[in-house]
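The next block holds one structure in the form of structure tokens; read it before the comments.
Bear in mind these aren't lab numbers, they're just calculated from the coordinates by the rules spelled out. Keep in mind that what you see is a predicted model, and the values were worked out from it rather than measured. Positions of Cβ are generated from backbone atoms using ideal geometry, with glycine treated the same way; all protein chains shown enter the neighbour counts.
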Amino acid sequence: MLASPGIGSGLDVNSIVSQLMKVESQPLTDLDAKEAKQQTRLTAFGTLKGALSSFQGSLTALSDPAKFNAVTANITDTTLASASATSSTVTGSHSLEVQTLAQSQKLKSASFATTSSTVGNGTLTIQFGTYDGGTFTLNPDKAAQSITIPTGNSSLSGIRDAINQANAGVSASIVNDGTGNRLVIASQDTGLSNALKITAADADGNNTDNTGLSQLVYDASAGGTSNLTQTVSASNATLVIDGISISKASNNITDAIEGVTLNLLKANPGTTTTLNISRDTTGAQSAISSFVQSFNDLNKTIVSLTKYDPSTKQASILTGDSTVRSIQARIRGAISDPLTTAGGGLSLLSEVGISFQSDGTLQFDSSKFSNVLNDPTKDISTLFASVGKTSDSLVSFAGATSDTVNGKYSLNISRVATQGSAIGNTAAALTINAGINDSLSLNVDGVSANITLAAGTYTATSLAAEIQSKINGASALSSASIKVAVSESSGKLAVVSNRYGSASAVSITGGNGKSDLFGTPAETAGVDVAGTIDGITATGSGQTLTGAANSSGLALKITGGGTGARGEIDFAHGFAAKLNKLTGDMLDGRLIDSRIDGINSTIKDIGSQRDTLNQRLADTEKRLRAQFTALDTTMASMTQTSTFLTQQLSKL
């Protein structure tokens, strides 16, 4: 047996086999080339998918109608106030004079030697309302708050901390005036209706003397006890807009001019400044520019993947690919095709300055866009977003889905949504006695709560305010964002949930004050709105009615009015919605993914072919080496025989 191929024969067996295997391996090289091409195609489709996704992302900003109806509010003298406006605000200018700023009430205590001086323990109850002519009227929108002061927290600093941790609508601080330390309690909200009434359940048993926790009581109404001293009175902001005097509880005013929020900064009585409200084109132009740039980026990607260079006669990796051609054609078609029912006087993107150039890219004429945006007869939002325009002022468009079909829909209401309520059947007792008729148990919108009313003699109006304050302040309800409104009519109390629909209900379930305050209340659950959209029964939830069939996904909010025919709704998907659905279908469907799956399958098949070929090549090399080894052995034997015969013949 020869230890090394070729020794016996003198042949370079390794070289011969290597050369033969190089020929045999040519199909393997072809497979590598095929796989490299498929990997390049895979990368190309991944790049296309990424560009398409980026283009879809640029459509989000265009889908918001408010983007095209934005307005800006500016005040000439920015030291007096700042302003902002919603898209519903009417443009124009207004004169503005800020006479006084709203203030929150501040109260100070008597002087204490140190911040660790003991004050007292028990419970402080804080109520908010208005002092007028010796009468304190509760603010029904502000719930009363109780703060427990335990023995271990009865120092001046401990009470300060307890008040601040209670989140009770007031803040507390300690001020050293040079003679001692005073606790200062301030209402967190400004305005006359947020003045403070502070009462105490003092652990020493006397709730009005000037010792213990009752040192912190304050009641400026007739006959009330005030051991705190007012340092700053609660006051409203006063201003004059277009010659009209206005008084508001807050320096942040949202309801003086519809859609405008004013933030008063400084009073300057006698001086008038100007509030200008105009259309804001910045956000809309930015969104349009991003859309155009994103399309051009997508177009650039498609061109680079499909272009053919006639000078070099070189094609790109996806030249002539039907999937890419389909994507390009469908998107360009969607951009070029007019909307059938825009509803805002516009149907083509070219009408607002967006048009194709000869190289297939888009260009944006911002001047033309601004002119249309400022045209009161045009509504650009309908050109881009999914928008519904209603003919009834008490019906508003609340939304739609991609399934909603463009069109004009008639609305008919058979039932208006109502709120759950509980209404007393007898005039309420106006004197509340502790432990006698001061408690109520109730259930509002499925959540139970218990309240305790402050003892005292009320008017029907002030009693309603006290009950509303306590109900809305109940933690079980406030934590669930549940609120009620309590009113009176001829002395009878009514509790009404702020919620609309079948989930709205009020039930007076018990308490020692139920009979005195409500008698046998009539309890009525709320109902959902009901009706038809385009003659087809719609689904009601609270005040929202959602359509079916062609109007599937069309949501309308009915905030009032009667039953019967309620006008029409013009609905249309704009270009952003149309393009978003188109690109979404391309990305979420099988258009690109099926091609990627096919390429991956081809790459996998090439891998299988390579494995089979490698096994065959290994077998071939093994066979060739076996054959050459046998030849080598035979030739070595013949060489030995030749040598022997030569030696023998030489001896003759």
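Of all lysines in the structure, the ones whose alpha carbon falls short of 28 Å from that of LYS622, not counting any fewer than 8 places away in one chain, are LYS22, LYS34, LYS604. The simple Förster model, with R0 at 35 Å and r as the Cβ-Cβ distance, assigns THR431 and THR211 a FRET efficiency of 0.75. Taking only the Cα atoms of region 524-625, the ratio Rg/Rh comes out at 1.54, with Rh defined as the Kirkwood radius. For the chain, find the longest principal axis of its Cα atoms and tell me its angle to the long axis of helix 156-165, 0 to 90°, nearest 10. Around 60 degrees separate the two axes. Per residue, the convex hull spanned by the alpha carbons of region 419-524 comes to 77 Å³. Values of log10 I(q)/I(0) for region 283-341 across q = 0.14, 0.15, 0.17, 0.18 Å⁻¹ run -0.53, -0.59, -0.70, -0.76, by the Debye formula with one identical scatterer at each alpha carbon and no solvent. Taking the fewest neighbouring Cβ atoms within 10 Å as the starting point, the ordered list for PHE644, PHE68 is PHE644, PHE68. Summarising the amide proton neighbourhood of SER448: residues at separation of 5 or more, or on other chains, whose placed amide H is nearer than 5 Å comprise an empty set. By the count of other C-beta atoms within 10 Å, a proxy for reagent exposure, SER235, SER82 are ordered fewest to most as SER82, SER235.
Using R0 = 51 Å, the C-beta based FRET efficiency linking THR641 and LYS313 works out to 0.20.
Which of the residue pairs LYS106/LYS142; LYS108/LYS142; LYS266/LYS483 have a Cα-Cα distance greater than 24 Å in the structure shown?
Working: LYS106/LYS142 17 Å; LYS108/LYS142 22 Å; LYS266/LYS483 34 Å.
Pairs exceeding 24 Å: LYS266/LYS483.
Quick check: from the Cα gyration tensor, does the chain come out rounded (a/c under 1.5), prolate or oblate? Prolate shape, in that a/c is at least 1.5 and a/b is the bigger ratio. Less than 5 angstrom separates the built amide H of VAL232 from those of LYS106, all sequence-distant by 5 or more or on a different chain.
Could you list VAL217, VAL405, VAL23 so that the one with the fewest beta carbons within 10 Å of its beta carbon is first and the one with the most is last? If you can, show how the numbers build up before the last one.
Values: VAL217 22, VAL405 18, VAL23 7.
Fewest to most other Cβ atoms nearby, the residues stand as VAL23, VAL405, VAL217.
When only alpha carbons of region 282-383 are considered, Rg and Dmax amount to 16.6, 55 Å. Counting only helical runs of four or more DSSP H residues, what would the 222 nm mean residue ellipticity of the chain come to if each run contributes -39,500 (n - 2.57) and the total is spread over all its residues? Per the formula, -10500 deg cm²/dmol.
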